[in-house]
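Read the figures in this text as sums done on the coordinates, not as results from a lab. The shown structure was predicted, so the numbers you read here are calculated from the model rather than taken from an experiment. With ideal geometry, Cβ positions are generated from the backbone for all residues, glycine too; neighbour counts draw on all protein chains shown.
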């Protein structure tokens, strides 16, 4: 069954976590106030949004964010999440959002005086910096101390990256990535190393599998995800380890083995290098 989690930050400001850990689609449905702006961050997987009694469909791809706003009519949240999809949705009233960006309103398309009362939607790629924040939000425990303040701060970070008019697109900075097919291959390479993180292929084998030269794989991956392939994989494994340890279902040895470490000592050394503490001490800090 898909997991749905709602966090009410304050009036007119909500964060929803969707995690479809099934092998089949998961339908979601929720009424949304007409004054709300909707941000749907698809961290992994994909989704389809339905409007006008299912007569119109809008897809949301893996590692994309969809912004929806229509002040003329309500847009209920009706979607189907693909298997293994993780998505964070932010619902914020136009009044609250406008207050946040009162000094920058004219730089945000749908807040300009000409567009303020018009419907608006935008689909864009999730940048590596945004992906880091989304990963932190997924791992955050909702009942943690100052939980709402933490999520609020992370949402503001996301907004600053999403709307920063000075930022340059990762794709625009790299002509190779201007080709959608190349971007798709880099995304495929990332999915392969994540899904096989216990026994990842070599760089040469990975390049051959996705149909890229070794140099283009290395350069494209670093440009798109902000780190070399195996540095990205190490960071992903450590974040996965921290989440597994936080859940408390498996001990240190079991987590290390699932992540592909041949001995517990190798896993402990990697974890300590990343977080400055051992897995055991990290578990103890959670209980305290």
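Structure data summary
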| item | result |
| --- | --- |
| Span per principal axis, largest first, for the Cα atoms of segment 231-287 (Å) | 30, 20, 18 |
| Nearest 10 degrees, 0 to 90: helix 147-163 Cα axis against the chain principal axis | 70 |
| Linear extension gain, residue 29 paired with residue 152, 0.36 nm per residue minus alpha-carbon span | 41.9 nm |
| Spatial extent of segment 175-271: Rg and Dmax, with the Cα atoms as the point set, Å | 14.9, 46 |
| For peptides 122-131, 84-93, sequence by mean Cβ density within 10 Å, most packed first | 84-93, 122-131 |
| Kirkwood estimate for the chain, i.e. one over the average of 1/r between Cα atoms, Å | 20.7 |
| Length added when fully stretched, residue 286-residue 124, from 0.36 nm per residue minus Cα-Cα | 54.7 nm |
| Ordering of 11-17, 191-197 by burial proxy (mean other Cβ atoms within 10 Å per residue, highest first) | 11-17, 191-197 |
| For the chain: relative contact order, % (alpha-carbon pairs under 8 angstrom, 6 or more apart) | 14 |
| Among 215, 44, 154, residue whose mean-square fluctuation peaks in a GNM of the chain (springs only between Cα atoms under 10 Å) | 215 |
| 0 to 90° range, to nearest 10: angle between helix 214-225 axis and the chain longest Cα axis | 50 |
| Separation between Cα centres of segment 217-288 and segment 7-77, rounded to whole Å | 31 |
| MRE, 222 nm, helices only [DSSP H, n ≥ 4, -39500 (n - 2.57), over the chain, to nearest 500] | -13000 deg cm²/dmol |
